[in-house]
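The values are calculated or read from the model by the stated rules, or taken from the named source; none is laboratory data. Computed from a predicted model, the values in this text were never measured in an experiment. As a convention, Cβ positions derive from the backbone with ideal geometry for all residues, glycine included, and neighbour counts pool all protein chains shown.
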Amino acid sequence: MLAVISLIICLSPIYFYYVSDHILLMVISIVNAVVNFWFLGVSLNYAMRRHSLWAEQVRKAREIEGRLNPEEELWLHKIGNMLQAEAIPDWLIWITNVTTMMGLILFIVYWFIK
């Protein structure tokens with residue numbers, strides 16, 4: 001949900017600058033929104049991949065030990081499809097936060113120059 005709010009914050013200045021014919025600020029807003037959207041996707045993919053790799057390692061270890069039954073296989077499959085937000089590196093979060101703040105700043109700047 002926060003990712004959607006972050007994206008809306010970054011997309012709203014694009015419309016306002018387009019309507020007010022501030023082309024340079026609109027282009028900066030577009031670049032900022034693209035970077036935000038891209039890093040949100042990278043964060044989501046990183047969290048999914050990291051967690052699914054963990055579940056796969058546990059499954060392989062249980063299989064080698066001979067303790068893997070069908071219930072545990074289903075349980076590990078469910079866990080592998082869940083997000084683990086703690087697995088996302090801090091630098092990805094910082095870039096997403098910076099682009100969100102830049103979108104908020106561009107939104108505020110619009111109200112001062114209109």
Evaluate the following for G41: is it at pLDDT below 95 and within 12 Å of the chain's Cα centre (by Cα)? yes
Can you name the residue in segment 64-114 that is of a type in the set (G, A, S) and under 17 Å from the mean Cα position of the chain (by Cα) and, of all such residues, is farthest from P13 (Cα to Cα)? A87
Looking at the structure I just gave you, is I30 crowded, with 18+ Cβ neighbours inside 10 Å and in a helix (DSSP H, G or I)? no
Residue, farthest from S6 (Cα to Cα), within segment 35-62, restricted to residues that are among the aliphatic types (A, V, I, L, M) and surrounded by 13 or more Cβ atoms within 10 Å (Cβ to Cβ): V58
Contacts under 6 angstrom Cβ, first residue in segment 1-29 being more than 14 Å from F107 (Cα to Cα), partner buried (at least 18 other Cβ atoms within 10 Å of the Cβ), 6 or more apart: A3/L40
For segment 69-91, indicate whether the set of residues that are in contact (Cβ under 8 Å) with a residue 12 or more places away in the chain and in contact with a Gly (Cβ under 9 Å, 6 or more places away or on another chain) is non-empty. no
